[in-house]
Structures are given as structure tokens and as C-alpha cells.
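Written out below as C-alpha cells is the structure these notes cover.
The values are calculated or read from the model by the stated rules, or taken from the named source; none is laboratory data. These figures come from a predicted structure and were not determined experimentally. Here the Cβ positions follow ideal geometry from the backbone for every residue, glycine too, while neighbour counts run over all protein chains shown. Only protein heavy atoms, including side chains, enter the accessible area calculation; ligands, DNA and RNA are left aside. Shrake-Rupley method; radii C 1.70, N 1.55, O 1.52, S 1.80 Å.
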Amino acid sequence: MAGSREEAPDYGRGVVIMDDWPGYDLNLFTYPQHYYGDLDYVLIPHGIVVDRIERLAKDIMKDIGYCDIMVLCVLKGGYKFCADLVEHLKNISRNSDRFVSMKVDFIRLKSYRNDQSMGEMQIIGGDDLSTLAGKNVLIVEDVVGTGRTMKALLGSIEKYKPNRIKVASLLVKRTPRSDGFRPDSHMCDQ
């Protein structure tokens, strides 16, 4: 229709999976036999995940500026994503003219007990957070939902005066309860 235009979705820095996306037919992929009968479709093919993680690593290095990085992996869900992302960051560092030192630490966030919000967040594990002072911190999380837990974590970390804090997330869940928090880098909106 002349004169009208559909609004393009805001892709930001990630892939957007629309609510009505039917996924890819299972016959296009190989997958472990123990999943037979349990899957209906493939939402995000592995190759897209790998490619996006590589791109996130490039974006992170550009944002941080080839400086040393303290990576905080939020367990349990963030482990595999973090390992893959750190591997890509290391490859970029190896192929550049400046070595980037990376230290990885692991934390768990507890804000729920028996599916009920406790109102405050606990950080479990990890080194003494005071060691983050003056450092470039990259928080790696699997899924950002409402954003409340991540905002609370950022507030806790900011007390220690790091040089810079960036957040990388595999997925950002679209939810009406979102408080608007968006990670600096993420793979896709779901």
C-alpha cells in the first residue's frame, strides 16, 4: 500500500525470534537419538549459535578495547556459553598484536527459594569481589528475563569500583515483567 510502512523490529545487537516463528523442520538436522519423539522443531540451529558467539566476542573486544578482562560466569546455565565465548575471545587475542589476559571466575546468583522471590539476591562463590576494583569486568549470563537479578548483581559489583562492566547474555527473554534491562551483548531475543 502506498504511503504506509511496516515498522521493522528493533534487532539491537542480537537475533530476534518472533513469537510466531515455527522453527526449522527436524528433518533438516541430525540430533541425538535419545531426543527422538521429544522434539517438534529446531528453534536456533547450532551453527547460528556458534556464529553469533564469535560475533559477540568481536564486539566485546571492540567495546573493551583489547584490555585485560575479568570474566564472571553466572552458573549454572551460563557455563557452556561462557566457555565458548572465552574461547573466541582468546582466539581474537592470539591473532592480534596485543595479548589480552583473561581470568574467569564463577558465581551463582540466588534470588529465589522454592520458586518464590526472596526479595534480595545472594552471590554465592567466586573470589572476593573486592578484587574487581579497577578491572574490566565481563559478566556472562545464559538468560536475562526480567532484568531484576542482573541489575542487583551490577549494583553489588559497582560498589567495588571496577573500571568497566559489560554484560553478555545468550538469550534475552521478552516478558511483560521486564524492567527494561538489556545486556551490552546478546545472541538473541526470545
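Taking the stretch 1-20 on its own, how many of its residues are at pLDDT 75 or above and open to solvent by less than 90 Å² (accessible area, probe 1.4 Å)? Lay out the reasoning, then the answer.
If we filter the stretch 1-20 for residues that are at pLDDT 75 or above, which is where we start, we get 14-20.
Filter once more, so that each one left must be open to solvent by less than 90 Å² (accessible area, probe 1.4 Å): 14-17.
Total meeting the criteria: 4.
Just to verify a result, which residue in the stretch 24-52, among those that are part of a loop (DSSP other than H, G, I, E, B) and β-branched (Val, Ile, Thr), is surrounded by the fewest Cβ atoms within 10 Å (Cβ to Cβ)?
Here is the first cut: in the stretch 24-52, the residues part of a loop (DSSP other than H, G, I, E, B) are 25, 29-32, 36-41, 43-45.
Imposing the further condition that a residue be β-branched (Val, Ile, Thr) reduces the set to 30, 44.
On the way: 30: 6, 44: 18.
That would be 30.
For residue 64, indicate whether it is under 29 Å from residue 125 (Cα atoms) and not aromatic (Phe, Trp, Tyr). Let's see the steps before the verdict.
On the way: under 29 Å from residue 125 (Cα atoms): yes; not aromatic (Phe, Trp, Tyr): yes.
When the stated conditions are applied, residue 64 passes them.
Return the residues of the stretch 64-100 that are part of a helix (DSSP H, G or I), polar (S, T, N, Q) and exposed (fewer than 14 other Cβ atoms within 10 Å of the Cβ); say none if nothing qualifies.
Step one: list which residues in the stretch 64-100 are part of a helix (DSSP H, G or I), which gives 64, 79-94.
Right, trim to polar (S, T, N, Q) and you get 91, 93.
91, the sole residue that qualifies.
For residues that are under 12 Å from the mean Cα position of the chain (by Cα) and open to solvent by 20 Å² or more (accessible area, probe 1.4 Å), scanning just the stretch 142-155, find the one that is modelled with the highest pLDDT.
Among those that are under 12 Å from the mean Cα position of the chain (by Cα) and open to solvent by 20 Å² or more (accessible area, probe 1.4 Å), it is 142.
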